[in-house]
Amino acid sequence: MSDKPVKIINGLKIDPIIFTHKFVKTCDVCICSGECCYYGVYTDLKEHEQIMKMKDRIIQSMDDSQTKDIDKWFEAPQKDEDFDSGVAVGTEVYNGKCVFLDRQGYCTLQKIAMEDGELRWKYKPLYCILFPLVIFEGAITVDDDHLNRMHYCNKVENQNSTIFECCKNELKHLFGEKGFKELDQYRKEYLKNNPIEN
Ligand code: SF4
Ligand code: SF4
């Protein structure tokens, strides 16, 4: 975050880098194989509990590159104030990818929601929905550390858009329609006042 005045929406600080940071126009797992899921993710304790309640349904849609042993799905919980419940639970890596990633590069949690006619993000952890955005120390910003590990969406030659443009739906999911409108208004003002970064 810069030392300029901080805009806050729905209790989250807005790091204006999300307006200018370059990114691919759309994600395409046929190209990237879902590489951002190779390292696992931190879920909120409540998300972890919901996932465990659905374990039988999840197992039904897993392929043989994934473990159906539920004791191998999650790490031990740890305190983390960036999560609503104050506790984060990491998913384990199995076969070089998050336990919930199938061999085709699709998230089983998203897959079952779609198979069952639910909203695609119903069971997906917020941090997975948001990437390459991240909530860090109370601010919505860019997850540079993770993004720098990517071989497709982090390549300059593939970055023909911005994170803001690519992640409008994700930002609406996070802030709601009203919060998103406020964010978009702030973006316009920010870009007007900082044309060199546009
Ligand atoms: S964020 Fe990058 S690695 Fe992840 S699905 Fe999108 S393009 Fe692929
Ligand atoms: S839970 Fe799903 S989206 Fe999140 S890292 Fe694992 S496979 Fe990827």
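The values are calculated or read from the model by the stated rules, or taken from the named source; none is laboratory data. As the structure is a computational prediction, the values presented were derived from the model and not from experiment. Because the Cβ atoms are built from the backbone with ideal geometry, glycine has one as well, and the counts that use them run over all protein chains shown. Each accessible area value is taken on the protein alone, full model and side chains, heavy atoms only, with ligands, DNA and RNA left out. Shrake-Rupley method; radii C 1.70, N 1.55, O 1.52, S 1.80 Å.
Data overview
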read-out: Sulfur and carbon atoms: percent of accessible area, the chain [1.4 Å]; value: 49 percent
read-out: Cα coordinate range in the chain, projected on the principal axes (Å, largest first); value: 53, 37, 31
read-out: Selected from G96, G105, G117 as most flexible by GNM, with the chain as the system and alpha-carbon contacts under 10 Å; value: G117
read-out: Within the chain, helix-based [θ] at 222 nm, where runs of 4 or more DSSP H residues each add -39,500 (n - 2.57), nearest 500; value: -9500 deg cm²/dmol
read-out: Straight-distance crosslink candidates among lysines, where the alpha carbon sits under 22 Å from K124 and sequence neighbours closer than 8 are dropped; value: K25, K46, K53, K55, K68, K72, K79, K97, K111, K168, K172
read-out: Assigned charges on the beta-carbon of Lys, Arg, Asp, Glu; region 42-124 dipole about Cα centre (debye); value: 240 debye
read-out: Cut-off 14 Å between beta-carbons: net charge of the residues surrounding E47, Lys and Arg +1, Asp and Glu -1; value: -1
read-out: Charged-residue dipole, Cβ positions (Lys, Arg, Asp, Glu), the chain about Cα centre, Debye nearest 20; value: 580 debye
read-out: Unit charges at the beta carbon, dipole of the chain: most positive-side option, I18, I135, N95; value: I18
read-out: Solvent accessible area, Å² - Y186, 1.4 Å probe, full protein context; value: 40 Å²
